[in-house]
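The values are calculated or read from the model by the stated rules, or taken from the named source; none is laboratory data. Note that the coordinates shown come from a computational prediction; the quantities given were computed from them, not determined experimentally. No Cβ is skipped: glycine too gets one built from the backbone with ideal geometry, and neighbour counts run over all protein chains shown. Just the protein is used for accessible areas: all its heavy atoms, side chains included, with ligands, DNA and RNA removed. Shrake-Rupley method; radii C 1.70, N 1.55, O 1.52, S 1.80 Å.
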Amino acid sequence: MNKLDTIAVISDIHSNVYALEAVLQDIDSRGIKSIVNLGDSLFGPIEPIRTAELLINRSNVTNIMGNCDRYLLQKDMDSITFQYVKPMLTNEIHDWIRSFNPTWVFEDLLFCHGTPFSDDSYMLEDILPTGVQGKSAEDLMAELDSVDQTMIFCGHTHLQKSVRLPNGKVIVNAGSVGLPAYFEELPYPHCMESMTPHARYLIISRRDYSWMFEPVLLPYNYELAAQRADQNCREDYSYAIRHGRVKGGLR
C-alpha cells in the first residue's frame, strides 16, 4: 500500500454482517480499493462467522486489534457475548485475529482502535461519575505528544466525530458500522449513543499534499440485524440497532 489516494475506514462491526455487507457494497461502488478496519469485528450476537468470512476473503483490508478482538483470544470471559461467539471460532479465525496490527501507520496517518497506546481507552472522552465529558485540547495534546503523525483515526466509542487541536493534529473517530449505541459499566456506568441506526464509516481522500475525510452515514436493512439479535435473546443489541439508543446494558 504505497500509493493510496483513497482509504475507507471501518470500525466496530460487532458481528453485524448486514451492516457490513451494505458498507462494503458502498465502498466498492465508489471504487475504493483499500480498507482499514479499526477492530471489534466479531464480538456480538448477530452473525460473527459470516462477518469473519467476509473480512478474511478480502485481501485489501488492514485489520487493527480491538479490545473485543483481543478478548476472543482468551480461553474464558464472564460475558454472554463472549460465550456465544467463542465456541464458533475456528483455528483459521483465531489465527486471523492473531494477525491483527496493534496500530498501523501510513504516511502521516495513524490508525488505532482506542488510542495509540491502549485498545480499551477512549481517545476523545473522559468517563466521570457525573457522565461522559470531552477531553480538553491541552490533555489531548499532552497525551499525543509522542505521536509523530498529524492525523489519528480511532474507533471504540462508536461515536463518529472529529477534533482539531491547536497544534494542528486532527483526531477522527470513524463511528460504528454495526452497533450505534451501547452501555458500559466501567469505569463508571455510561451510555454511548449515535441516535440513529445508520451504519457509519469514513472515506479518507488525498487532496494535493494533505488529506480530507468524509463521514458516511449509510442506511441499510437494520431490521434484519435486530431480528437476529432478538432470536438470540439479546434485546439490548436489537434495541440499540433499531434506534441508535441504549435500552438496558450490553454485557
For segment 125-142, check the following and say yes or no: at least one residue is in a loop (DSSP other than H, G, I, E, B) and open to solvent by less than 30 Å² (accessible area, probe 1.4 Å). no
Out of (1) within 20 Å of the chain's Cα centre (by Cα); (2) surrounded by 16 or more Cβ atoms within 10 Å (Cβ to Cβ); (3) not in a strand (DSSP E or B), the one residue 230 does not meet is (1)
Quick one: how many residues across segment 74-124 are open to solvent by less than 90 Å² (accessible area, probe 1.4 Å), of a type in the set (D, E, K, R) and closer than 20 Å to residue 187 by Cα? 2
Output for segment 143-152, where each listed residue is open to solvent by 50 Å² or more (accessible area, probe 1.4 Å) and not in a loop (DSSP other than H, G, I, E, B): 143
So how many residues does segment 153-173 have that are over 23 Å from residue 198 (Cβ atoms), open to solvent by less than 30 Å² (accessible area, probe 1.4 Å) and either in contact (Cβ under 8 Å) with a residue 24 or more places away in the chain or of a type in the set (Val, Ile, Thr) (or both)? 2
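Let's see how each residue does on (1) small (Gly, Ala, Ser); (2) open to solvent by 20 Å² or more (accessible area, probe 1.4 Å); (3) in contact with a helix residue (DSSP H, G or I) (Cβ under 6 Å, 6 or more places away or on another chain):
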position: 188; (1), (2), (3): no, yes, no
position: 201; (1), (2), (3): no, no, yes
position: 208; (1), (2), (3): no, yes, no
position: 216; (1), (2), (3): no, no, no
position: 222; (1), (2), (3): no, yes, yes
position: 226; (1), (2), (3): yes, no, yes
Looking for something of a type in the set (Ser, Thr, Tyr), out of contact with any helix residue (DSSP H, G or I) (no Cβ under 7 Å at 6 or more places or on another chain), closer than 14 Å to residue 16 by Cβ and modelled with pLDDT of 95 or more - is there at least one such residue anywhere in segment 67-82? yes
Pick from 37, 60: which is open to solvent by less than 10 Å² (accessible area, probe 1.4 Å) and not hydrophobic (A, V, I, L, M, F, W, C)? 37
